[in-house]
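None of the figures in this text is laboratory data; all of them are computed from the coordinates on show. Note that the coordinates shown come from a computational prediction; the quantities given were computed from them, not determined experimentally. Positions of Cβ are generated from backbone atoms using ideal geometry, with glycine treated the same way; all protein chains shown enter the neighbour counts.
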Amino acid sequence: MKKLSAGRLINELSRAAHVYFQHEFKKYRIGHAQVRTLFYVAQNEGKTQKELAEYLNLDKSSITSQLQLLERNGYIKRKASDEDARKQVIFVTERTRKILPEMQHVLESWTETLLAGFDEEERKQVFRTLIKMSSNAKSKLDEIYSNHNQI
């Protein structure tokens with residue numbers, strides 16, 4: 001039997017999710033990454049681009065291109081901050097509010113696809129395991145960033 005690789009399996013799941021979400025969100029002319037951004041903005045309206053980038057762990061150019069696409073397609077609007085006119089704060093539009101429930105359904109549907117055939121205890125164990133793996137990965141990345149910043 002071939003040795004199992006968590007990284008390879010996670011990569012396969014990530015690729016499958018990418019294809020699924022690309023297909024499902026095509027009608028909105030946005031990708032999965034933009035959906036994540038829209039949900040965050042909808043729950044945290046009035047945040048700056050910098051705050052978004054930090055929360056989503058994206059560099060300046062990535063968040064800029066995402067926001068430009070979302071704004072061009074009418075999903076977000078930017079306006080000058082009341083506290084500091086040099087900063088722009090971000091809000092979702094009514095168009096976004098109307099489609100968020102359908103987008104949420106797509107995300108939940110993917111989770112159900114992945115967990116088909118799992119009983120309740122197995123589902124809980126999957127999430128405990130994934131949370132632990134995510135924490136391990138975050139710790140490793142923090143270590144890398146910390147070592148990189150010392151150079």
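What the table below lists for this structure:
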item	result
Estimated distance in nm for a label pair at Met133 and Asn73, the labels positioned 7 Å out from Cα along Cα-to-Cβ	2.8
Across Lys27/Lys98; Lys50/Lys77; Lys50/Lys138; Lys50/Lys79; Lys60/Lys138; Lys3/Lys26, pairs whose alpha-carbon gap is larger than 25 Å	Lys3/Lys26
Residues whose placed amide H lies under 5 Å from that of Thr93, excluding near-sequence neighbours	Ile76, Lys77
Distant-in-sequence amide H partners of Lys47 (H built 1.01 Å from N, under 5 Å)	Ile90
Surface/4 estimate of mean projected area, convex hull on alpha-carbon atoms of the chain, nm²	12.7
Relative contact order for the stretch 1-142, counting Cα pairs under 8 Å that sit 6 or more residues apart, in percent	19
Cα gyration tensor category, rounded, prolate or oblate, for the stretch 99-151 with a/c compared to 1.5	oblate
Stretchable slack from Ser65 to Glu108, in nm (0.36 nm times residue separation minus alpha-carbon distance)	12.8 nm
Distance (nanometres) between label positions extended 7 Å along Cα→Cβ at Ala80 and Lys50	1.8
Coarse-grained scattering of the stretch 1-54 at q = 0.26, 0.32 Å⁻¹, given as base-10 log I(q)/I(0) from a Debye sum over alpha-carbon atoms	-0.96, -1.12
Gain on full stretching of the segment that runs from Arg15 to Val126 - 0.36 nm per residue minus C-alpha separation	38.1 nm
Cα-based helix-to-principal-axis angle, 6-25 vs the chain, degrees rounded to 10	50
Distance between the stretch 46-69 and the stretch 99-114 - C-alpha centres, whole angstrom	23
Principal-axis tilt of helix 94-114 within the chain, Cα atoms, nearest 10 degrees	10
Where labels lie 7 Å past Cα in the beta-carbon direction, separation of Arg29 and Leu100 in nm	2.2
Crossing angle, helix 120-149 versus the chain [Cα axis fit, 0-90 degrees, rounded to tens]	60
Theoretical ellipticity at 222 nm over the chain - DSSP helices of four or more residues, -39500 (n - 2.57) apiece, nearest 500	-23000 deg cm²/dmol
